[in-house]
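Each remark here refers to the structure printed beneath this line.
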Amino acid sequence: MLGKILRLDVDATSAEHNYAIPPDNPFIGAGEGTREEIYAYGLRNPWRFSFDSLTGLLWTGDVGQNAFEEINIVRKGGNYGWKIMEANACFSPSSNCDPSGLELPLWDYGRSLGSSVTGGFVYRGNRVPELSGAYIYADFVSGRIWSLHYDGDNPPVNTEFLDTNLNISAFGIDAAHNLYLCAFDGRIYRFKATAPPAPTAVTAEQSILPAQFTLTQNYPNPFNSTTLIRFPLPHSGPIDLSLYNLSGQKLKTLINGHRSAGTYIVDWHGTDANSNTLASGAYLYRLRFGNQVQSRKLTLLQ
């Protein structure tokens, strides 16, 4: 069972074990000695995995052998390639390997950035709004910490936001989904928003421009006919504002294009891309501004 993600029913027992095997595990009845506990395989050394509390997706960091560390979204029955491949590179054989049928990593990095990935969490807290919706992970050796934004439709965007001297071994969250990390110095660290810069003198023209990029909560929320989504842009750039269900499926694009600096308000009437009225429930709206991404949850009542 090494190199696998296992899924067990710990509230039941079986004749052989003090646990049972969920009946919808992917290798139930596979025979030929296949362990039915296996949920996914082809991982080398997954170090910390977590579920996104909003989407339910299972994320893990997988420690590499010689050259690469990788981040994966783990899916039922998936083969993540070890040891045919190390991340996106052939390992055995060292060239001309066959990647067909393999789940390639969502993201990887080489030895210039670190040597042992520590998986983390998708940030769903409120203490650091700029990290909302990003998968936060680190490297145990280099101490670097990254945020990885991925919406299921567009290529992932990875940003290094801290370079520490810590040997980061694990992340954790509290009841409010705020993020913590622990390191080999015996301490637990918490994340908090960066203090805003000291005010400086500005001209009248400068003062009307937004100070920073922020996606505000829609108003009213919940709503039953129309709601307003507001966001300021501190400078011009490409933006994409889209609506999603909680499974990550895109329902409608509200804005896609280039916008100048300023404050924008978008009116949404609870319809999808085909002008169909959506059912009551919770939805997400996400704004991508350059390489920055923020998202918020809204509730529609019909």
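Laboratory data are not the source of any read-out in this text; all were calculated from the coordinates shown. These figures come from a predicted structure and were not determined experimentally. Reconstructed Cβ throughout: ideal geometry from the backbone, glycine too, with neighbour counts over all protein chains shown.
Residue ranges 122-129, 217-224, 3-10, 67-74 sort as 67-74, 122-129, 3-10, 217-224 when ordered by packing (mean number of other C-beta atoms within 10 Å per residue, highest first). Across the stretch 237-293, Cα pairs under 8 Å and at least six residues apart give a relative contact order of 45 percent.
Summary of the geometry: the stretch 2-47 and the stretch 93-110, compared by the centres of their Cα atoms, lie 24 Å apart.
Highest mean packing comes first when the peptides 16-26, 163-173 are listed by Cβ atoms within 10 Å, giving 163-173, 16-26. Per-residue ellipticity at 222 nm from helix content only, as computed over the chain with -39500 (n - 2.57) for each DSSP H run of at least four residues, stands at 0 deg cm²/dmol. For Rg/Rh (Cα atoms, Kirkwood Rh), the candidate list reads (i) 0.97; (ii) 0.93; (iii) 1.01; the entry that matches the value derived from this model is (iii). As a ratio to 2.2 N^0.38 Å, the alpha-carbon radius of gyration for the stretch 204-300 is 1.10.
Of the residues 257, 110, 248, the one that moves most in a GNM of the chain with alpha-carbon contacts below 10 Å is 257. The charge dipole of the chain, taken about the Cα centre with unit charges on the Cβ atoms of Lys, Arg (+1) and Asp, Glu (-1), comes to about 740 debye, rounded to the nearest 20. Taken about its Cα centre, the stretch 204-300 carries a charge dipole of about 220 debye when Lys and Arg each add +1 at the Cβ and Asp and Glu each add -1 at the Cβ. Among the lysines of the chain, pairs at least eight places apart or on separate chains and with Cα atoms under 23 Å apart come to 6.
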